[in-house]
Amino acid sequence: MAPFGQTWPGLALSRETTTNPDQQADEFAQGFLAERPHTRLGLVAAATGAEALTAAGWTGPCNFDNDTAKFSAVVRDWEHRFGARVVAVGFSTLHLSVAAPPANEYEALLVAAEHFAFCPDNIWQGSRPYTLAAYAERITGAHHWDFWWD
């Protein structure tokens, strides 16, 4: 996990949003639905998308960890720090819009380390090369984060 190795680098700092997080989510949702026209709407009585994951009993990362509340807590933190919004969930997938993505290599490396702790499959089984640095490059400036657990 170069450049960090076995040492946890800490959380990435909050980014100030220049885009309205809810508007960003609406735009991402429109594109998401256009690419997947058979997607279905689900309504959950919850204050945020992060809380909806637990309230709905979502088990997407069950092959990695069965405690959905842990994942909800991380997503809730990302809602605050990056203007993230839950746009879609699937059997083993999670799709977030991001109003304030990392803007440079160092910020992206810290966010990539968080993503690795949250969903190692994104790095280990994602696009080549399978490195934290390559993943960080892919999420720099990206207004959506997609996760899947194998």
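Of 117, 108, 100, 134, all but one fail to be within 14 Å of residue 4 (Cβ to Cβ) and surrounded by 14 or more Cβ atoms within 10 Å (Cβ to Cβ); the exception is 108. Checking the structure you have, find out if any residue of the stretch 66-77 is of a type in the set (Val, Ile, Thr), assigned to a helix (DSSP H, G or I) and touching a Phe, Trp or Tyr at 6+ places or on another chain (Cβ under 6 Å). Checking the stretch 66-77: at least one residue is of a type in the set (Val, Ile, Thr), assigned to a helix (DSSP H, G or I) and touching a Phe, Trp or Tyr at 6+ places or on another chain (Cβ under 6 Å). Applying the criterion of being of a type in the set (S, T, N, Q) and part of a loop (DSSP other than H, G, I, E, B) to the residues of the stretch 31-65, the residue that is farthest from the chain's Cα centre (by Cα) is 39. Can we say residue 82 is open to solvent by 80 Å² or more (accessible area, probe 1.4 Å), in contact with a helix residue (DSSP H, G or I) (Cβ under 9 Å, 6 or more places away or on another chain) and either within 22 Å of residue 139 (Cβ to Cβ) or at pLDDT below 95 (or both)? No: the conditions fail for residue 82.
Taking the criterion of being free of Cβ contacts under 8 Å to residues at least 60 places away in the same chain and either open to solvent by less than 50 Å² (accessible area, probe 1.4 Å) or farther than 14 Å from residue 119 by Cβ (or both), the residues of the stretch 87-96 that qualify are 88, 90, 91, 92, 93, 94, 96.
Taking (1) surrounded by 12 or more Cβ atoms within 10 Å (Cβ to Cβ); (2) more than 21 Å from residue 101 (Cβ to Cβ); (3) of a type in the set (D, E, K, R); (4) without any contact (Cβ under 8 Å) to a residue 12 or more places away in the chain in turn, residue 26 satisfies each apart from (2).
When residues of the stretch 78-124 are filtered for being among the aromatic types (Phe, Trp, Tyr) and part of a loop (DSSP other than H, G, I, E, B), how many remain? Looking only at that region, the number is 1.
The values are calculated or read from the model by the stated rules, or taken from the named source; none is laboratory data. Everything quoted here is computed from the prediction, not taken from an experiment. Every residue, glycine as well, gets a Cβ built from its backbone with ideal geometry; the counts of neighbours run over all protein chains shown. Side chains are part of the model used for accessible areas, which takes the heavy atoms of the whole protein and leaves out ligands, DNA and RNA. Shrake-Rupley method; radii C 1.70, N 1.55, O 1.52, S 1.80 Å.
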